[in-house]
Amino acid sequence: MQLPKLIIFASGGKGPDEGGSGFKKLGEAVKAGILRAEIVAVVSNNFEGGVRDKARVLQIPCLHSPKGRTAEDYRRLVKVTEAKFTALSGWLGKVEGLDPRTTFNIHPAWDMVKFGGKNFYGHKVHEAVIAAYKRGEVTFSGVSMHFVTPEYDNPKTVFFKRRVPILLDDTADTLAKRVNEMEHKWQAIITDRVVNGLIHWDGVNVDSIVGADIE
């Protein structure tokens, strides 16, 4: 049986050890049989860096896509690799022009209404969550996965959530570490469900989402 083809967008960093940990876990999950898919390529906006180095080890093609890309650029990358599904894993950029039925993202927060959208990415999310915790507004963070639509970080298309409690002595750094661990625990498992049809929707009506797993 032919495995579904998956392309991953992961920004990573410019240094050899910077970023790409989520992509690495997905690649390892394929080898372990946890993620039943073929990763046809990973895309990074850094020509050299953590993502490219991890791709070399995993023997997965790494494509360079500098900032300033258009909807046409996104479609071209998906078309040239013949990918059926697109996963965003630490991708710093608004995706446009792709099929919302087959494009999905992982976000480092449980509440994407408060901690999603423009300017809520990477470490900024954890800083905002800790600030809200100190104001007495939240007691936990977490991980969300959602389908990608023209609305940036659309909270209505979330199909997976897990909570990460905030500890009394937490900082943005310590919270980020535990959220990242939760991402690594679940991302491959839920990605497998999406690419193999256990989680799906019609791309328009959020009530059509099937297979959601929200804590």
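Using helices alone, what [θ] at 222 nm do you get for the chain, with -39,500 (n - 2.57) per DSSP H run of 4 or more residues, divided over all residues and rounded to the nearest 500? Only helices count here, giving -10000 deg cm²/dmol. What does the net charge come to around ARG56 if you take all other residues with beta carbon closer than 12 Å to its beta carbon, with K and R at +1 and D and E at -1? With Lys, Arg at +1 and Asp, Glu at -1, the neighbours total +1.
When DSSP beta bridges are restricted to pairs lying wholly in the chain, around 40% turn out antiparallel.
Note down the relative contact order for the chain as a percent, whole number, built from C-alpha pairs under 8 angstrom at least six residues apart. Relative contact order for the chain comes out at 20 percent. Counting only alpha carbon atoms, the long axis of helix 21-32 and the longest principal axis of the chain meet at about 60°.
For the chain, the longest principal axis of the Cα atoms and the long axis of helix 172-195 meet at an angle of about 40 degrees. Can you bin the stretch 1-72 into rounded, prolate or oblate? Criterion: square roots of the alpha carbon gyration tensor eigenvalues sorted a ≥ b ≥ c, rounded for a/c under 1.5, prolate for a/b above b/c, oblate for the rest. Oblate is the answer for the stretch 1-72, as a/c is 1.5 or above yet b/c matches or exceeds a/b.
In a shell of Cβ-Cβ distance under 15 Å around THR102, excluding THR102 itself, what net charge do Lys and Arg (+1) and Asp and Glu (-1) give?
Numbers: positive: LYS5, ARG75, LYS79, LYS84, ARG101, ARG193; negative: GLU38, GLU82, GLU96, ASP99, ASP192, ASP202.
Here the count lands on 0.
Residues LEU35, LEU63, LEU77 in ascending order of nearby Cβ atoms (within 10 Å, fewest first): LEU63, LEU77, LEU35.
Run through the stretch 1-103 and list the chymotrypsin sites (Phe, Trp or Tyr not before Pro) located in a DSSP loop whose Cβ has at most 16 other Cβ atoms within 10 Å.
PHE47
Across the stretch 62-170, C-alpha contacts under 8 Å between residues 6 or more apart give a mean separation that, scaled by the residue count, equals a relative contact order of 24 percent.
Net charge in the neighbourhood of ASP202 (other residues with Cβ under 12 Å of its Cβ; Lys, Arg +1, Asp, Glu -1) is -1.
Does the stretch 107-215 classify as rounded, prolate or oblate by the C-alpha gyration tensor (a ≥ b ≥ c root eigenvalues; a/c under 1.5 gives rounded; else a/b over b/c gives prolate, otherwise oblate)? Intermediate values should be presented prior to the final figure.
Numbers: a/c = 2.36, a/b = 1.69, b/c = 1.40.
In terms of gyration-tensor shape, prolate.
Can you pull out the GluC sites (Glu not before Pro) in the stretch 8-87 whose DSSP state is coil and whose Cβ has at most 11 other Cβ atoms within 10 Å? Could you put the intermediate results ahead of the total?
On the way: sites: GLU18, GLU28, GLU38, GLU48, GLU72, GLU82; in loops: GLU18, GLU48, GLU82.
Taking the stretch 8-87 and a limit of 11 other Cβ atoms within 10 Å, the loop GluC sites (Glu not before Pro) found are GLU82.
Compute the helix-to-body angle for 71-81: its Cα long axis versus the longest principal axis of the chain, expressed 0 to 90° and rounded to tens. Roughly 60 degrees between the two axes.
Within the stretch 1-84, report the trypsin sites (Lys or Arg not before Pro) that DSSP leaves as loop and that have at most 10 other Cβ atoms within 10 Å. Answer by residue number: LYS67. Quick check: Cα centre of the stretch 1-41 to Cα centre of the stretch 142-182, how many Å? Here the two parts' Cα centres lie 19 Å apart. Each of ASP192, ASP53, ASP73, ASP207 was scored by other Cβ atoms within 10 Å of its Cβ. Listed from fewest to most, they are ASP207, ASP73, ASP53, ASP192.
The numbers here are math on the coordinates, done by the rules we state, and not lab data. Since this is a predicted model, take the numbers as computed values, not measurements. Methodologically, a virtual Cβ is constructed for each residue, glycine included, from the backbone with ideal geometry; neighbour enumeration extends over all protein chains shown.
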